[in-house]
Amino acid sequence: MSWIYESSPLWRRLVHTTRESAVNMAAFVVITGVGSAYLGQFVMNLTNPHGAESPHLRAMLDNAPLDQQVAVRVKRERLQVLLDDARRATEEKDNSSLTTRWRAALLGREHGTAGPGTTLGKTAIDK
């Protein structure tokens, strides 16, 4: 930073201005924070122009073989179950059933479901 301070009069003036006034410092922090967020969003859009649910990706999935379509649907359902469990764990005061299911999963056991929904109340299946 000393190289920038020594070589740039604009940077030197900025340092002195923000040092003298807390309002100027706050404005500098807000401007650099918002600028960084916009720059990050721009770079993300530049590197992934299609987005997460774009028509291009939707068309690729619609034209995919049936096994791939089923795999995508199953993965989405499983992810939804995990997200619901995580949300429930933060909302509930007594989450002992979630703890026992997670512990069973770490030991290699599964709590299966018979379709979409939660695995709450299911018993462990030994593999």
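Quick notes on this structure:
- Neighbourhood charge, 12 Å Cβ-Cβ cut-off, centred on L83 and excluding it, Lys, Arg +1 and Asp, Glu -1: +1
- Paired Rg and Dmax values of the stretch 3-47, which use every Cα atom, in angstrom: 13.7, 40
- Separation of the E77 and S7 label points, Cα + 7 Å toward Cβ, nm: 6.0 nm
- Percent of C-alpha pairs per 5 Å bin, the stretch 53-92, short to long: 6, 22, 17, 19, 13, 10, 9, 5, 0
Bear in mind that the values in this text are calculations on the coordinates, not laboratory data. If you're wondering where the values come from, they're calculated on a predicted model, not measured in any experiment. In this analysis, Cβ positions are derived from the backbone assuming ideal geometry, glycine residues included, and neighbour counts consider all displayed protein chains.
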